Each structure stands twice: as C-alpha cells, then as structure tokens.
Amino acid sequence: MKQIVIASNNPGKLREIRELLAPLDIEVLPQSAFDVPAAEEPHDDFKENALIKARHASKYSGLPALADDSGICVDVLEGGPGPLSARYAGEPKSDERNNLKLLQVLHSANDRRAHYYCVLVLVRSPDDPQPLIAEGSWHGEISHELRGANGFGYDPLFYLPHLGKTAAELPPEVKNQISHRGKALKQLVTMLQAASKE
C-alpha cells in the first residue's frame, strides 16, 4: 500500500494522521485532492460512521481509504455529545461554539469526567469485506475554562489531571503519543505491519 486517502477535510486530523503514519512510508492524501464530497454520517455509532466515510472516500478516489470517527464522551451526559461532537452546537460546525455550549451545559456539574474516543477504519477498496478497525480512548475531565492554543475540537477543555494541563496545552508530539487517535493509529500501524508480512 503506497497511498491512502484520508476521509476527512479537518486539517487538525489530517496533520495528526500524517505525522503518525510517517514511519510506514505511505503517502497520505486528503480527500479534497479527489474532490470527494462530504459523506453522510447518519449513525449514532462511531464505527458505522467511520465505515461509511472510508467506503465513500475509497469509491471516489479509487484508493485505499482511512476514516476516523471520534468525539468526546461526557459521563454526566451519558456519553454525549459522542458521535455528534463536531456538530454539538449545530451547523455550520464550529469548535468555538461547541466548546462554549459544553461549558454552558456543564456549568453546575460536579462530575466532569470525560473521555475522547476514536475509531479508525481502513478499507482497501469500497467493497472491502474485511476492513481494518482500530480504536482508542483517552480519559480526563472537562475543565471549567478554555486553556491552551494547540490542537483542535474540545482540546482546550479536555483536562488531564495527572499532567495538570489541557490537551490544547500539550506539544503536538506529546499529544500524539497519548491521545485517543494516537493509540488507535498505533494499533492500526501494528495491523498494517502484520498484514504486510503475510
């Protein structure tokens, strides 16, 4: 596998995935290079949404495709906003409005435990009957204020008590080692390396 199209237009996700896949010597291309229209994400399930996005990008590009579906899951919101994280405050998508809405919803909450969750699906073709699926979680809590300028999404609110920092206060290389996406990508790299030896 020499090239993979990433089923996303999110520059933060593209940057993280490109950095984490660099050791495999695979050229990572954004779906925008193939004019892939945005895929529907109709499910309340991370895996189903990732699979739809991967098959969609592979169909339009003619290449193997990697899709990520991820979000923040807050305990007192029974796992919400979950798969709806990117659109939590409605359309058009806005990290800033999503963060402000979450702060508002949790204003009086004492239990602020939360975790990021990521599912990665790699299909070798649009009809691949055996997609590779990797997942990762990253546990922390929701801060009372926005902190930090790195990352994207809910990173300025995602507080890591053991580090005393939010995800947005971490250097990218540190975040990539410990994040939900970093863990899922490491799992996927192991799968790809094993497959190449078969």
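Observations on the model:
- One residue stands out among those in segment 113-138 that are closer than 16 Å to residue 157 by Cα and touching a helix residue (DSSP H, G or I) at 6+ places or on another chain (Cβ under 7 Å): the one that is surrounded by the fewest Cβ atoms within 10 Å (Cβ to Cβ), which is 113.
- Pairing residues of segment 79-103 that are part of a loop (DSSP other than H, G, I, E, B) with residues that are at pLDDT 95 or above, at Cβ distances under 6 Å and at least 6 apart in sequence or on separate chains, gives 79/73; 88/81; 88/98; 88/101; 89/97; 89/98; 89/101.
- Taken together, the criteria place residue 190 among residues that are among the hydroxyl-bearing types (Ser, Thr, Tyr), under 20 Å from the mean Cα position of the chain (by Cα), loosely packed, with under 13 Cβ neighbours inside 10 Å and closer than 23 Å to residue 14 by Cβ.
- Output for segment 75-115, where each listed residue is among the hydrophobic types (A, V, I, L, M, F, W, C) and under 18 Å from residue 38 (Cα atoms): 84, 86
- The residues of segment 76-95 that are more than 17 Å from the chain's Cα centre (by Cα) and either within 17 Å of residue 155 (Cβ to Cβ) or buried (at least 18 other Cβ atoms within 10 Å of the Cβ) (or both) amount to a single one, 89.
- Residue that is nearest to the chain's Cα centre (by Cα) [pool: residues in segment 104-122 that are assigned to a strand (DSSP E or B) and over 29 Å from residue 4 (Cβ atoms)]: 114
- Selection status of residue 25, touching a residue at least 24 places away in the same chain (Cβ under 8 Å), of a type in the set (D, E, K, R), more than 17 Å from residue 181 (Cα to Cα) and loosely packed, with under 14 Cβ neighbours inside 10 Å: no
- Residues satisfying the stated conditions in segment 12-50, i.e. among the β-branched types (Val, Ile, Thr) and part of a helix (DSSP H, G or I): 17
- For segment 144-182, a residue qualifies if it is in a loop (DSSP other than H, G, I, E, B), small (Gly, Ala, Ser) and either more than 18 Å from residue 113 (Cβ to Cβ) or in contact (Cβ under 8 Å) with a residue 60 or more places away in the chain (or both), and the qualifying residues are 148, 149, 151, 153, 179.
- Selection from segment 123-143 of residues that are assigned to a strand (DSSP E or B) and more than 30 Å from residue 166 (Cβ to Cβ): 123, 132
- Residue in segment 102-112 that is surrounded by 15 or more Cβ atoms within 10 Å (Cβ to Cβ) and out of contact with any strand residue (DSSP E or B) (no Cβ under 7 Å at 6 or more places or on another chain) present: yes
The values are calculated or read from the model by the stated rules, or taken from the named source; none is laboratory data. Worth saying up front: this structure is predicted, and the values here are computed from it rather than measured. Here the Cβ is made from the backbone with ideal geometry for all residues, glycine too, and neighbour counts use every protein chain on show.
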